[in-house]
Amino acid sequence: MKIPGRRRRPTGPGAEALPAQSAEVFPDPGVEVLPDPGADVLPGAAVDAVIELAAAARTYPGPPPVHALRPTDLTVRRGEYLAVAGPSGSGKSTLLNVIGLVDRPTGGHYRLDGIDTGPLAEADRTALRGRRIGLVFQAFHLLPYRTATENVMLAQVYLATPRDRRRTEAVDALLAVGLGHRLDALPSAMSGGERQRVAIARALVNRPSLLLCDEPTGNLDSASAGRVMDTLDALNAGGITLVVITHDPAVAARAHRAITLRDGQLSEKEAKSSTGRPR
């Protein structure tokens with residue numbers, strides 16, 4: 001099964017460099033983009049939505065069954081910045097796994113970039129995730145004996161990026177997060193904030209439609225956390241669609257929108273600026 005919108009191996013010159021402070025998705029020159037031949041259009045689907053959940057739910061079988069995510073409607077449009085907050089056990093991880101195509105909803109529908117993910121085989125979901133979603137984790141997950149550039153390059157292997165393009169694109173991604181001076185540094189020689197920015201560059205290098213961050217400041221001191229959040233703010237200002245899972249109210253307050261999960265139930269409120277005024 002061919003994934004709608006999935007790119008084939010390049011047939012022409014290399015792709016353009018990732019612009020600094022931007023992760024907007026552009027088609028590569030000489031790359032054939034497949035049409036979407038048969039994706040079902042859900043009623044009321046938003047044409048500019050990156051994430052669209054329609055009564056999406058996730059229940060784990062019992063006994064007794066656990067309703068980790070109750071039927072949820074959520075639309076995140078291109079270029080938006082959304083924070084997802086809630087206490088432990090509220091359903092944040094379940095929502096993250098559904099949006100990140102790790103778990104399938106047991107009810108409802110999930111469309112990513114206009115593609116109905118429900119009918120996709122597991123291999124196609126994995127390929128779609130690799131192309132359309134950049135994942136940033138609390139624990140960094142960098143290989144200790146690889147440089148910053150090499151760690152970013154590893155993300156390109158799974159998409160069959162030609163070898164002669166990998167280093168150039170990895171360097172461009174590191175420049176975009178302000179790490180041009182740390183290209184050859186090993187993780188052991190970097191601060192926690194620098195390692196997290198390498199992880200962000202790795203998530204960006206394949207030009208995803210969505211940057212999905214799971215507690216990106218959870219392992220950082222306040223100064224490093226501030227620098228990482230400044231980087232995410234700048235990337236969103238450059239066009240990237242950003243979803244941040246967090247338990248930190250200060251992190252959630254940076255977003256344009258904030259939703260709260262409690263007992264698997266979603267509620268939404270408009271995020272406020274530091275002045276207390278709605279954005």
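The values are calculated or read from the model by the stated rules, or taken from the named source; none is laboratory data. Only a predicted model underlies this, so the values are computations on that prediction, with no experimental measurement involved. Cβ placement follows ideal geometry from the backbone for every residue including glycine, while neighbour counts extend to all protein chains displayed. What goes into the accessible areas is simple: the full protein's heavy atoms, side chains included, and nothing from ligands, DNA or RNA. Shrake-Rupley method; radii C 1.70, N 1.55, O 1.52, S 1.80 Å.
Summary table below
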{"read-out": "Tally, over segment 156-209, of residues that are free of Cβ contacts under 8 Å to residues at least 60 places away in the same chain, assigned to a helix (DSSP H, G or I), open to solvent by less than 20 Å² (accessible area, probe 1.4 Å) and of a type in the set (A, V, I, L, M, F, W, C)", "value": "4"}
{"read-out": "Given (1) open to solvent by 40 Å² or more (accessible area, probe 1.4 Å); (2) of a type in the set (A, V, I, L, M, F, W, C); (3) at pLDDT below 90, number of the condition Ala237 does not satisfy", "value": "(3)"}
{"read-out": "Close pairs from segment 257-279: first farther than 12 Å from Ala83 by Cα, partner modelled with pLDDT of 50 or more and open to solvent by 100 Å² or more (accessible area, probe 1.4 Å), Cβ under 8 Å, at least 6 apart", "value": "Pro278/Glu270; Arg279/Glu270"}
{"read-out": "Cross-chain or 6+ apart pairs with Cβ under 7 Å, segment 96-109 first and hydroxyl-bearing (Ser, Thr, Tyr), then open to solvent by 20 Å² or more (accessible area, probe 1.4 Å) and not in a loop (DSSP other than H, G, I, E, B)", "value": "Thr106/Arg58; Thr106/Thr59"}
{"read-out": "One residue from Pro19, Pro105 being at pLDDT 90 or above and either under 23 Å from Thr126 (Cα atoms) or assigned to a loop (DSSP other than H, G, I, E, B) (or both)", "value": "Pro105"}
{"read-out": "Top-ranked residue in segment 210-227 [being at pLDDT below 90 and crowded, with 24+ Cβ neighbours inside 10 Å; ranked as nearest to Glu80 (Cα to Cα)]", "value": "Pro216"}
{"read-out": "Residue match in segment 105-113 (condition: β-branched (Val, Ile, Thr), surrounded by 16 or more Cβ atoms within 10 Å (Cβ to Cβ) and under 26 Å from Ala223 (Cα atoms))", "value": "no"}
{"read-out": "Answer residue from segment 243-258, given it is of a type in the set (A, V, I, L, M) and in contact with a helix residue (DSSP H, G or I) (Cβ under 9 Å, 6 or more places away or on another chain) and is most open to solvent (accessible area, probe 1.4 Å) among those", "value": "Ala250"}
{"read-out": "Per-region count, segment 66-102, residues at positive phi, out of contact with any helix residue (DSSP H, G or I) (no Cβ under 6 Å at 6 or more places or on another chain) and modelled with pLDDT under 90", "value": "2"}
{"read-out": "Single match in Pro64, Pro87 (criterion: surrounded by fewer than 16 Cβ atoms within 10 Å (Cβ to Cβ) and free of Cβ contacts under 8 Å to residues at least 12 places away in the same chain)", "value": "Pro64"}
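Residue-by-condition table, conditions (1) under 21 Å from Ile133 (Cβ atoms); (2) out of contact with any helix residue (DSSP H, G or I) (no Cβ under 8 Å at 6 or more places or on another chain):
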position	(1), (2)
Arg146	no, no
Asp172	yes, yes
Gly192	no, no
Leu211	yes, no
Ser224	no, no
Asn236	yes, yes
Thr241	yes, yes
